[in-house]
Amino acid sequence: MEYETRAWTAGWDYITDLFRLLEYAIFSLRGCKNRKPALAVFCERPSPVTLLDGLARLKGAKPRILTEFPGPDEILRSNRCRYMNVQITCTEALVNIMALLYCQEPASEIMTIAKMFLDDITKADLIMFKIAGSQIVHQLLGVGHIVYNTSRSENGRYWPEAKRLIEFLGDLVNDLEDIPSAAEAAARLFRLAEATL
């Protein structure tokens with residue numbers, strides 16, 4: 001099997017595992033939100049440590065083919081693998097943010113992860129986001145909502161930073177005009193950025 005195909009397959013398997021962990025985090029968060037306080041002691045709630053450990057183990061077991069690329073003339077010129085790299089970056093950030101939310105980590109931790117995520121995605125070519133399509137648009141919109149909701153805690157202390165991050169996401173999504181859902185998602189992000197706390 002050629003290198004590009006092996007890298008693509010390994011990336012797809014890794015993203016699938018990340019989405020399983022994301023689903024676990026979402027169900028856990030929903031369970032906490034919808035549970036009546038009086039019944040909470042009778043409900044089995046996954047330990048936050050379990051979720052973070054699962055994420056750490058998954059990242060630690062990331063296939064070497066995804067972390068040790070050959071020279072730029074080979075795999076990094078492949079659009080399929082550059083697209084996969086964008087997918088992995090977005091999905092890892094989303095899972096990481098959801099895990100921190102579930103573990104009720106301070107807003108500063110979540111904002112740090114969001115900033116690192118934005119730094120990472122600015123290194124990718126815009127065409128890679130266009131290839132990824134509506135899935136990436138929805139992930140970026142999701143990150144915007146998470147950043148907005150996080151900024152509302154701690155008396156809005158992180159609002160100026162959150163506003164800047166959400167505006168950046170809005171600009172990025174707005175540039176994906178070829179994707180049908182992009183215009184609406186960008187408008188939603190800009191509305192979030194203009195919301196007052």
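The values are calculated or read from the model by the stated rules, or taken from the named source; none is laboratory data. Model, not experiment: these values are computed from the prediction. Every residue, glycine among them, receives a Cβ derived from its backbone with ideal geometry; neighbour counts consider all protein chains shown.
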| Out of the residues in the range 171-185 that are among the aliphatic types (A, V, I, L, M) and touching a Leu at 6+ places or on another chain (Cβ under 8 Å), which is modelled with the lowest pLDDT? | Leu176
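Residue by residue, here is whether (1) assigned to a helix (DSSP H, G or I); (2) at pLDDT below 80; (3) over 23 Å from Thr50 (Cβ atoms) holds:
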position: Cys90; (1), (2), (3): yes, no, yes
position: Leu94; (1), (2), (3): yes, no, no
position: Ala99; (1), (2), (3): yes, yes, no
position: Glu105; (1), (2), (3): no, yes, no
position: Glu109; (1), (2), (3): yes, no, no
position: Ala114; (1), (2), (3): yes, no, yes
position: Leu140; (1), (2), (3): yes, no, yes
position: Asn155; (1), (2), (3): yes, yes, yes
position: Ala162; (1), (2), (3): yes, no, yes
| query | Does the range 31-50 contain at least one residue that is modelled with pLDDT of 60 or more, surrounded by 19 or more Cβ atoms within 10 Å (Cβ to Cβ) and not polar (S, T, N, Q)? | reply | no
| note | Sole miss for Arg82 among (1) under 19 Å from Leu140 (Cα atoms); (2) at pLDDT below 65; (3) not aliphatic (A, V, I, L, M) is condition (2)
| request: Return the total of residues in the range 159-170 being touching a helix residue (DSSP H, G or I) at 6+ places or on another chain (Cβ under 8 Å) and over 19 Å from Leu94 (Cα atoms). | output: 1
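Residue-wise test of (1) touching a residue at least 60 places away in the same chain (Cβ under 8 Å); (2) surrounded by fewer than 18 Cβ atoms within 10 Å (Cβ to Cβ); (3) under 18 Å from the mean Cα position of the chain (by Cα).
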{"site": "Tyr83", "(1), (2), (3)": "no, no, yes"}
{"site": "Met116", "(1), (2), (3)": "no, yes, yes"}
{"site": "Arg152", "(1), (2), (3)": "no, yes, no"}
{"site": "Lys163", "(1), (2), (3)": "no, no, yes"}
{"site": "Glu167", "(1), (2), (3)": "no, yes, yes"}
{"site": "Leu176", "(1), (2), (3)": "no, no, yes"}
{"site": "Glu184", "(1), (2), (3)": "no, yes, no"}
| When residues of the range 186-197 are limited to those that are in contact with a helix residue (DSSP H, G or I) (Cβ under 7 Å, 6 or more places away or on another chain) and at pLDDT 90 or above, the one farthest from His138 (Cα to Cα) | Ala193
| First in the range 4-28 and of a type in the set (Lys, Arg), second anywhere and surrounded by 14 or more Cβ atoms within 10 Å (Cβ to Cβ), Cβ under 8 Å, 6 or more apart | Arg6/Ile65
